[in-house]
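Just so it is clear, none of the values below were taken in a lab; they were calculated from the coordinates. Quantities reported herein were computed from a predicted structural model and do not represent experimental measurements. Cβ sites come from the backbone with ideal geometry, for glycine too, and all protein chains shown count toward neighbours.
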Amino acid sequence: MTGILKNTELFAGIEPDDIEGMLGCLNARRKAFGKGEFLLLAGDPVTDVGILLSGEAHIIKENINGEVLMLRRLLPGAMFGESYAGTRCGSSPVSVVAQTGAQAVFLDMGGILGSCRSACPRHSQLIFNMVKIVSAHNIALNNRMFYLAYKTIRERLGAYLLDLAEQNGSRVFRLPMSKTQLARHLCADRSAMMRELSRMKADGLIDYEKDRFRVVSL
């Protein structure tokens, strides 16, 4: 288990031996799930942070029309529940469902953010990492709200692609998500978004092939 955890954002900068010693303080529980089983169910109280150890899972949300929206794909090392476990929201607004056989470890958020009863020497690093993760999520949420403030799909795509170019320090970069995920991220119909990408390419604003993009003149 520490082989996966040492490569996660939460345990960055912490040696495997220290991680092993901290798991007891964090009340770590390892659980196995079959395909289709819920690692977290919408409406459940959230007090733990989950980390996927094996398999694949999706964060999903059902809208008012009963449609199931896939918000994020989780692979080994991915974390879930951290945005809700540290708040008083009471229950999760989303579900996490296994797409294959999967295993996850659940860590008590109170143990992460509180004082360590065993005085683990790297606990301050753990707290720093968690604050950094949650801050990054808040920045990503603010960025998404910025994109959605634009009315047209072209404007949303332009703002998003310019941000990626700036983050990569290059006008040439790869999309960090699939085009289906990008459409969801920008709250756009996938077919309409693909048509707009084609028009932007024809207009000489961008060039792309599969997931490789180049900003030409945005």
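At 7 Å along the Cα-to-beta-carbon direction for both Glu209 and Thr47, put a label point, then send me their distance in nm to one decimal.
5.5
Would you mind getting me the FRET efficiency between Met194 and Val68? Use the beta-carbon distance for r and R0 = 22 Å, nearest 0.05.
Approximately 0.50, to the nearest 0.05.
Taking amide hydrogens as modeled 1.01 Å from N in the peptide plane, which residues meet the under 5 Å criterion relative to Lys35, leaving out close sequence neighbours?
For Lys35, whose amide H was placed from the backbone, the distant partners under 5 Å are Gly101.
Stokes-Einstein diffusion coefficient for the chain at 37 °C in a medium of 0.692 mPa s, Rh from the Kirkwood formula over Cα pairs: what value in µm²/s?
So the translational diffusion coefficient is about 171 µm²/s.
Using Cα springs under 10 Å in a Gaussian network model of the chain, which residue among Asn129, Asn63, Asn142 shows the largest mean-square fluctuation?
Comparing Asn129, Asn63, Asn142 in a Gaussian network model of the chain, the most mobile one is Asn63.
What is the Å³ per residue value for the convex hull set by the Cα atoms of the stretch 147-215?
76
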